[in-house]
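Working notes, structure below.
Read-outs throughout are calculated quantities, based only on the coordinates presented, and are distinct from any laboratory measurement. This structure is a prediction, so every number in the text was calculated from the model and none was measured. Every residue, glycine among them, receives a Cβ derived from its backbone with ideal geometry; neighbour counts consider all protein chains shown.
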Amino acid sequence: MKINVNDGRSIHFWTDKWLGNTTIKDRYPNLYKLSRHKDATIAKIMTEFTGLDFNFCRNLQRDEVRSLIQLVEELDSINLNREEDDLMEWNVAGEKKFTLKSCYDALSQDGNDNLDTDVIWRKNIPSKVAFWIWTATQNAIPTLDVLNNRGIPIINRCWFCKCKAETINHLLLHCTVTSQIWEYFIQAQKRIWVKNESLLKNLVEWRSGQGTHRGKKVWLLLPYAICWAIWLERNDRAFNSAENSVDNVIIKVKGFLYMWGLKDKIFEGLVFSDLCRNWVDIVSM
Ligand SMILES: [Zn+2]
């Protein structure tokens, strides 16, 4: 992954490889240890008005000052472009464009061979969604429990059922409210599905199985569309104080399936409103 720094708001100053081939944390472990904000973004440290704001927990000793001078020299060439978002450019095996295939290959080369290609590489899933799903299976998306574990003091309560703590597996699989979305689609295809404890296991064991040609194709896209719609709704609730009903989220899921199915003509001859009205008939045709 090549990182192009612009506004510096999406890149971790200490722990991402954005300056040189190693992280700043690895090059300056003594300074990293003293930093109060180990998760800080570049923008947080390289502030617009006050220059560099490292927020060390104590005054530096002589050798630490030497390290700091060296680091500041490295940073000298960096000019943040605060008008534009940071960019991540995938650059593995000569592939400049981000593809899931190159992602998977890179991870496999790292000796991380317990990944299931079917899970990462599913036809017609937009790479943004598939990559997000993969991140979710690694428990690396910012659900409230993850933020709590990073020391951010937030009351952890699920945005849907508003009683259990939010974890990735609760949010996407086991919450009583988001479960209704799964149940709607599973029942529509007259399938029986016992949910696994974890998202990854759920995806790995999700197979096309029996059904019509269209039904099988829809079934394979389903967990991605459901999880993605839940996540977007979750963010709407968390950041925009908006709250759509379960029925509305179900319509969004159908919208994703309709869009993702265009290339394979899964819903050929149908308009989107057909999907909203006659879903059960459509998936059994
Ligand atoms: Zn819940």
**Report entry** Principal-axis tilt of helix 246-260 within the chain, Cα atoms, nearest 10 degrees
**Finding:** 90 degrees
Query - Those chymotrypsin sites (Phe, Trp or Tyr not before Pro) in the range 147-233 that DSSP places in a loop and that have at most 13 other beta carbons within 10 Å - result: none
Report task. Mind giving me the nanometre distance, one decimal, between the label points for Ile155 and Glu183, set 7 Å out from Cα along Cα→Cβ? Result -> 2.7 nm
Query raised in the report: Taking the alpha carbon gyration tensor of the chain, what are the square roots of 5 times its eigenvalues, largest first, to the nearest whole Å?
Result: 42, 22, 17
Report summary line: For the table Lys38/Lys164; Lys195/Lys217; Lys128/Lys195, the rows whose alpha-carbon distance is greater than 31 Å are none
Report summary line: Placing each pseudo-label 7 Å from Cα in the direction of the beta carbon, Met285 and Leu87 end up separated by a distance in nanometres of 4.3 nm
Report summary line: On each of the three principal axes the extent of the alpha-carbon atoms of the range 117-284, given in whole Å and largest first, is 51, 33, 28
Query raised in the report: Can you give the angle from 0 to 90° between the axis of helix 62-75 and the longest principal axis of the chain, with both taken from C-alpha atoms, to the nearest 10?
Result: 60 degrees
Report task. Subtract the Cα-Cα distance of Thr135 and Gln70 from 0.36 nm times their separation in residues, and report this length gain in nm to one decimal. Result -> 20.0 nm
Report summary line: Here the FRET efficiency for Asn278 versus Asn240, based on Cβ atoms and R0 = 35 Å and rounded to 0.05, is 0.65
Query raised in the report: Once you put a point 7 Å from the Cα of Ser198 and another 7 Å from the Cα of Lys162, both along the Cβ direction, what distance in nm separates them?
Result: 3.3 nm
Query raised in the report: Using only helices, what value at 222 nm comes out for the chain when you add -39,500 (n - 2.57) per DSSP H run of length 4 or more and divide by the total residues, to the nearest 500 deg cm²/dmol?
Result: -13000 deg cm²/dmol
**Report entry** Mean Cβ neighbour count within 10 Å, used as a protection proxy, ranking 124-131, 150-157 highest first
**Finding:** 124-131, 150-157
